[in-house]
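The values are calculated or read from the model by the stated rules, or taken from the named source; none is laboratory data. Just so it is clear, the structure is predicted and the values come from calculations on it, not from any experiment. Counting neighbours? That spans all protein chains shown, and the Cβs are built from the backbone with ideal geometry, glycine included.
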Amino acid sequence: MRHLFAAAVCAALTAMPAWAQWTPSGPIKIQIGFAAGGGADTLARLIAEDMAAEYGWNVIPENLAGGGGSVMARALMDAPADGLTLGMGVTDTFAYDRLAAKDPGFTLDDFDFLTTIAGTQMGVVAKADRGWTNLSDVIAAAKAGEELSFGSMTARLSDGAYYISKVNDVNFNIVSGYKGGRAVLNAIIADDVDIGWVAGPQAKGVAAGDLVNLVNGEDQPLKVSPDAEMLSAVGVDFFFGATFIMMAPDGLPEDARTALTDAIATVIRKDGTKSNEFINRVFVLKVKSGEDAAAYVAKESADSEALLEATAN
Amino acid sequence: MGVWDYVLAGIAEAFLANPALMLGPVVISWAVLMVISGFFAGVIIGATPGLSGPFGMAMALPILISAFGFTPDALLPVMGFLVGIMKGATVGGAVPAILFNTPGTPDAFMTTLDGYPMARKGQGGKALRVAQFSSVSGDTFSDLVLFTCAPFLAITIEKFLGLPEKAALMVLSLSFVAAVVGKHPAKGILAASFGFVVASIGTGTDSYPRLTLGMDQLASGFPTIAVFVGVLIVGEIFSSLDLLWRNGLGSKDLPSGDLGDKTLSWKERRVLMPFIGTSMVVGTVVGALPGIGSTLAAALGYTAGRKMHKGEVPFGEGAPEGIAATEAANSAVSGSNLIPALSLGIPGNVAAVFIILAADTIGGFNPGPAVFKFSTETVNTELVIAFGLFTLMMTANIVNWCTGASFMRLLGGLIRIPAQILLPSVLLLTLTSTYVQVGSMFGIYVTLGFGIIGYIMRIAAIPILPMVIAFILAEPLENAVRNAFEASGSDPWFILQSPIGLTFLALSAVMLAMSGRLQERNKNIVSTNKDQAP
């Protein structure tokens, strides 16, 4: 035990200089790839606030919305790689959206991915009074001839809905024009669509028994319905969750990269920080730092490529 | 618990829980304190050219959450402050519209048509008083409808309106533009088409944004606030500066410092009542329908008032009835707009989005059908909160009834500022508030660009309102049609599938057919620049 403790202290001491050495030479700007006011924006702003409180750095959040995060990505890649400009976005921008775009204007090599932050709670949702308990029930209903509409808020999720129908040899009328999971949820509640992708706002309704998560769209169990059917049960090997990620322009010096990654990972993990509390309330903590962050984006890219191939006519 | 027990519990929750101040036996709760301060903050926000209620709410929400935290005790103070801002900004919005001819929001645009001529005749004080009286009447009526109908109305409406019916409803709303095109239908159609073009930039569902010419700044479209502020306020400032320059500083054709008679007698109120009554019903109905909004309500209220009006001063030349018809309609939207927000969790407008966001973030209150379950065995705490919120809304209305008039008088003092000082100050304030909201210089360039467009439209006597309404309705219309089409399994006749949809379409046709007659009888109402045409 004493050895373990000593080893831990040693490790801590040797690890410390790495981040203690680097301090920002000016204010750190976090470019947020989302419009002001939503959950992702709030998350980024709380992280900035926590970093300022924890490390005494001056962190300035700035919204650069548009093009599903690609506007932020293009602005960030041109910024100097000095640790004073960071970007907060979602993995979709760098995986599916990048591959589906005609000319995204950036590649994965243009960025140093620091750490993933949080994941969504993506599921296919329906009202409980429809009587379905899982997606297999819905597919059975569609096979029996019921005409069903499927709400979606991104091109990737529309492809996902199409892929589900294709693999199971049924037809859904995919309604793709919704802006955000909450809009899809509203449409489900108003009976405008029968089922739809929702990335988290369904939790309260599911807990109250008014809504049901028919299938889990994530690669880990959903907090509110851990026993929800997995996509593999309906023959789908893809996942559709989105992961928030913090990145910097490519070529960040090693000490700055370590210090920033540690700072972000520390504040979002630490009990009682504003960002930690917010993540636990709205999303789910998902921290993969350094090499693991880049590997996560690369894996999602490969999956997206496979999805695009599988849904191409 | 019975219905009355819930109402009483709600009132107690608003007034007694979470006390902030104790003045002897009098307890003032945080909730009441916040709703009152929200109201006054809202009046000032609304009265500042370029600032709007939703912006004030967006700015306040993170600060409020940070101050009150995530406990259930935070719900009423936070939502109370937001509701206060919403109500205050509705009243305050009339101030710059009447005094300076610069409407802070598109809703207040119709207020300028009679308000500004009144101010120029030295009746600015009375105009403000009329605006406040009509606004608070419309608001209070709409709230009463909310309190009584929230449990069932939205659910009934949603039952009848599927996606195809919603698309047809949007077509119907758009056809109302025909009623406001002014005396030259061709110019009106030109303005509306321009609104559509501007709205289509950067929107759509393709991953490659539409019509941006590769400019990243346009990827999420022109910032809405910059477009409105540019066309409505900056365009007006340019045109006033032009007028000032032509006429010379001495002989300026702008309001005198005198506010004139600032009171509103009972007799005058009686004359206004039919207009207020009609408009508040129009506003409440529009507010309860999904996705139409207060600008159209104001336009419809004004049009209805214009048809009813038989007084000496015609609409558009300084008739108090015109202000009453507009303000009662746009204020009556706010209460009924919360009907779908509270009973289904679906926001009817931007302001309601922030109330839902606050409830979502804090927790303990989930707007949705469960809120209005009058459970007798267990206490439905959400229903208590809902009645607490209603109590706070009524508190804000009472504050508005009691103090709104004096607040208006106070702000009316602004009219004494000479135009050569006022116009540049308003311009600076407008550009600053746009910059704060958009967050980059791009917002300023867009505002100035649309200011020039607004100025040219005024010179060419092209009506502004059709452009503004088309710009507002374009995106919901496109989304509704697209979603309905997709949900129907790509059926080209999707919109003709139900009797309700057909009825809406038939009404649109009637509206278009009648607009010719409307225009003939009431010429030249909406064209804004007739007062300033050189």
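Odds and ends about this structure:
- Residue within region A:60-75 that is touching a Ser or Thr at 6+ places or on another chain (Cβ under 6 Å) and assigned to a strand (DSSP E or B) present: no
- Here the condition is being among the hydrophobic types (A, V, I, L, M, F, W, C), within 23 Å of the chain's Cα centre (by Cα) and at pLDDT below 85; of B:Ala370, B:Ala405, it holds for B:Ala405 alone.
- Residue count for region B:477-516 under the criterion of being among the hydroxyl-bearing types (Ser, Thr, Tyr) and within 14 Å of chain A (Cβ to nearest Cβ): the result is 3.
- If only residues of region B:366-384 that are within 8 Å of another protein chain (Cβ to nearest Cβ) and touching a residue at least 24 places away in the same chain (Cβ under 8 Å) are counted, the one that is farthest from B:Leu76 (Cα to Cα) is B:Pro369.
- Any hit, region A:153-160, residues being without any contact (Cβ under 8 Å) to a residue 60 or more places away in the chain, assigned to a loop (DSSP other than H, G, I, E, B) and either within 25 Å of the chain's Cα centre (by Cα) or within 12 Å of chain B (Cβ to nearest Cβ) (or both): yes
- Sole residue being more than 7 Å from chain B (Cβ to nearest Cβ), β-branched (Val, Ile, Thr) and surrounded by fewer than 20 Cβ atoms within 10 Å (Cβ to Cβ), chosen from A:Val206, A:Val170, A:Val212: A:Val170
- Residue in region B:414-422 that is of a type in the set (Lys, Arg) and either in contact (Cβ under 8 Å) with a residue 60 or more places away in the chain or away from chain A (no Cβ under 14 Å) (or both) present: yes
- Single match in B:Asn380, B:Asn400 (criterion: farther than 30 Å from A:Tyr162 by Cα and modelled with pLDDT of 90 or more): B:Asn400
- Any pair with Cβ under 7 angstrom, 6 or more apart, that starts in region A:40-66 at a residue that is over 14 Å from A:Leu260 (Cα atoms) and more than 10 Å from every other protein chain (Cβ to nearest Cβ) and ends at one that is assigned to a helix (DSSP H, G or I) and among the polar types (S, T, N, Q): A:Leu43/A:Ser275
- Within region A:173-193, the set of residues being more than 19 Å from A:Asn213 (Cβ to Cβ) and either more than 9 Å from chain B (Cβ to nearest Cβ) or of a type in the set (Lys, Arg) (or both) comprises A:Lys179 only.
- Looking at A:Ala95, A:Ala100, just one residue is assigned by TED's automatic domain parsing to the domain that holds A:Ser70, under 20 Å from A:Met153 (Cα atoms) and surrounded by fewer than 23 Cβ atoms within 10 Å (Cβ to Cβ), and that residue is A:Ala100.
- Those residues of region B:351-365 which are at the interface with another protein chain (Cβ under 10 Å from one of its Cβ atoms) and surrounded by fewer than 21 Cβ atoms within 10 Å (Cβ to Cβ), in sequence order: B:Val353, B:Asp360, B:Thr361, B:Gly363
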